[in-house]
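J.: The structure that follows is given in the form of structure tokens.
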Amino acid sequence: MKYKWLNRKNSSKLIVFFNGWGMDESVVEHLNPNDFDVIMFYDYNSLDTDMKIPSSYKEKFLIAWSMGVMVATLFDNDYKSKTAVNGTLKPIDNKFGIPVKIYELTIKNFSPAGAKRFIENMFSEPIQLPDVKREFDNRKTELEALKNYQANTYFKYDRIIISDNDKIIPSKNQCAYWNLEPNVKSGHCPFYLFQSWEELL
């Protein structure tokens with residue numbers, strides 16, 4: 001697992017962001033950190049990391065998106081608030097996530113064209129697509145690795161964001177998992193609806 005500081009100004013408050021599969025900071029780089037430091041975790045080919053969150057932070061906040069919603073549960077639970085964005089703790093599941101057959105076919109047929117189509121399908125509105133710079137092979141092996149992880153089901157999120165037109169993790173499956181209705185009008189990637197990280201807390 002890799003990490004990258006998106007903002008580090010020695011604030012007393014830290015936002016920890018677990019990104020989605022195959023992504024980098026391009027989907028969130030427009031968000032204003034204000035007075036928060038922000039660290040992003042991504043690339044779940046392995047869950048090993050040498051990153052130790054500094055103990056100097058008085059408050060920590062979690063924002064997790066897509067596959068990151070599941071991955072985040074396998075780490076620290078000591079947050080002031082925890083937000084799940086378009087994900088569940090069963091992200092590869094016929095009822096609560098991406099249907100298993102579709103996920104397997106995505107791996108089997110994964111191609112550069114398929115990777116581009118995936119990014120296009122993350123959005124329900126016309127938008128300039130993010131320029132994700134992850135290597136193709138790295139993204140494919142990450143798809144395979146994610147099948148091997150299981151969430152810590154004792155982990156509890158405080159805020160759930162569900163888009164009404166999610167073509168990646170079907171909105172209806174997210175609603176079934178969380179027993180909630182969609183609460184934002186967007187596709188799988190809703191971050192362009194927000195101006196700052198703080199709005200997601």
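The values are calculated or read from the model by the stated rules, or taken from the named source; none is laboratory data. Just so you know, these numbers come straight off a predicted model, no measurement behind them. Cβ placement follows ideal geometry from the backbone for every residue including glycine, while neighbour counts extend to all protein chains displayed.
J.: In the list TYR192, TYR157, which residue meets the criterion of being in contact (Cβ under 8 Å) with a residue 12 or more places away in the chain, buried (at least 18 other Cβ atoms within 10 Å of the Cβ), within 20 Å of PHE18 (Cβ to Cβ) and hydroxyl-bearing (Ser, Thr, Tyr)?
T.: Testing whether each residue is in contact (Cβ under 8 Å) with a residue 12 or more places away in the chain, buried (at least 18 other Cβ atoms within 10 Å of the Cβ), within 20 Å of PHE18 (Cβ to Cβ) and hydroxyl-bearing (Ser, Thr, Tyr) leaves just TYR157.
J.: Also, quick follow-up: Would you pick out the residues in the range 147-191 that are in a helix (DSSP H, G or I) and either at pLDDT below 95 or hydrophobic (A, V, I, L, M, F, W, C) (or both)?
T.: Correct list: CYS175, ALA176, TRP178, PHE191.
J.: Name the one entry in ASP78, ASP43, ASP50 that is of a type outside the set (Ser, Thr, Tyr) and free of Cβ contacts under 8 Å to residues at least 12 places away in the same chain.
T.: ASP50
J.: Looking at THR106, THR73 in this structure, which one is closer than 18 Å to TYR154 by Cβ, among the polar types (S, T, N, Q) and either out of contact with any Asp or Glu (no Cβ under 8 Å at 6 or more places or on another chain) or part of a helix (DSSP H, G or I) (or both)?
T.: THR73
J.: Continuing with this model, one more query. Residue pairs, Cβ under 8 Å, 6 or more apart or interchain, first in the range 15-27 and on the phi < 0 side of the Ramachandran plot and touching a residue at least 12 places away in the same chain (Cβ under 8 Å), second among the aromatic types (Phe, Trp, Tyr) and assigned to a loop (DSSP other than H, G, I, E, B). List them.
T.: From residues that are on the phi < 0 side of the Ramachandran plot and touching a residue at least 12 places away in the same chain (Cβ under 8 Å), the pairs are ILE15/PHE36; VAL16/TYR79; TRP21/TYR44.
J.: Pull up the range 1-40, narrow it to residues that are out of contact with any helix residue (DSSP H, G or I) (no Cβ under 7 Å at 6 or more places or on another chain), part of a strand (DSSP E or B) and among the hydrophobic types (A, V, I, L, M, F, W, C), then point me to the one that is surrounded by the fewest Cβ atoms within 10 Å (Cβ to Cβ).
T.: The qualifying residue surrounded by the fewest Cβ atoms within 10 Å (Cβ to Cβ) is TRP5.
J.: Here's something else I'd like to know. What residue, among those in the range 124-150 that are farther than 28 Å from LEU74 by Cβ and in contact (Cβ under 8 Å) with a residue 40 or more places away in the chain, is surrounded by the most Cβ atoms within 10 Å (Cβ to Cβ)?
T.: Among them, the one singled out is SER124.
J.: State which residue is nearest to LEU146 (Cα to Cα) when the search covers only the range 117-128 and only residues that are out of contact with any helix residue (DSSP H, G or I) (no Cβ under 9 Å at 6 or more places or on another chain) and either among the hydroxyl-bearing types (Ser, Thr, Tyr) or modelled with pLDDT under 90 (or both).
T.: SER124
J.: Inspect all residues belonging to the range 100-120 and state whether any of them is closer than 28 Å to SER81 by Cβ and buried (at least 16 other Cβ atoms within 10 Å of the Cβ).
T.: no
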